[in-house]
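The structure under discussion appears below in the form of structure tokens.
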Amino acid sequence: MRRVELDGEQLELIADWADVQLRDALASLEPFQREAVIRRVVLEESYRAIAADLRCSEQVVRKMSYPGCDPEGHVRPHPHSPV
């Protein structure tokens with residue numbers, strides 16, 4: 001497979017698309033889950049610190065900060081999966 005070279009404009013379009021996708025994904029979460037995801041994934045806070053602030057168990061934070069979970073902590077199928 002040959003290497004694909006992207007120019008600056010193409011890279012900017014990809015970055016813009018990814019930014020919109022991330023914003024849409026975060027907006028689709030319940031506030032509690034959105035906070036857990038941002039704090040864990042973006043700010044790299046510990047599960048323990050987040051759980052203490054949100055007054056829940058670390059296990060709840062682990063479930064809620066996993067991007068593949070719905071607000072109840074159940075694993076969602078990937079949007080492009082055949083299921």
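The values are calculated or read from the model by the stated rules, or taken from the named source; none is laboratory data. Quick caveat: nothing in here was measured; it's all calculated off a predicted structure. Cβ: placed from backbone, ideal geometry, glycine included. Neighbour counts: every protein chain shown.
A few notes on this one:
- Selection of the stretch 1-15 for residues being at pLDDT 80 or above and either of a type in the set (D, E, K, R) or not in a helix (DSSP H, G or I) (or both) yields ASP7, GLU9, GLU12.
- Condition met for ALA27 (surrounded by 14 or more Cβ atoms within 10 Å (Cβ to Cβ) and modelled with pLDDT of 80 or more): no
- Pair list, Cβ < 6 Å and 6+ apart or interchain, from the stretch 16-37 residues that are farther than 16 Å from ALA51 by Cα and without any contact (Cβ under 8 Å) to a residue 40 or more places away in the chain to residues that are among the charged types (D, E, K, R) and part of a helix (DSSP H, G or I): LEU26/ARG34
- Looking only at the stretch 63-76, and only at residues there that are of a type in the set (Gly, Ala, Ser) and in contact with a helix residue (DSSP H, G or I) (Cβ under 7 Å, 6 or more places away or on another chain), the one that is modelled with the highest pLDDT: SER65
- Selection count where residues are surrounded by 14 or more Cβ atoms within 10 Å (Cβ to Cβ) and in a helix (DSSP H, G or I), scope the stretch 34-54: 12
- Residue match in the stretch 55-62 (condition: modelled with pLDDT of 85 or more, touching a Lys or Arg at 6+ places or on another chain (Cβ under 7 Å) and not in a helix (DSSP H, G or I)): no
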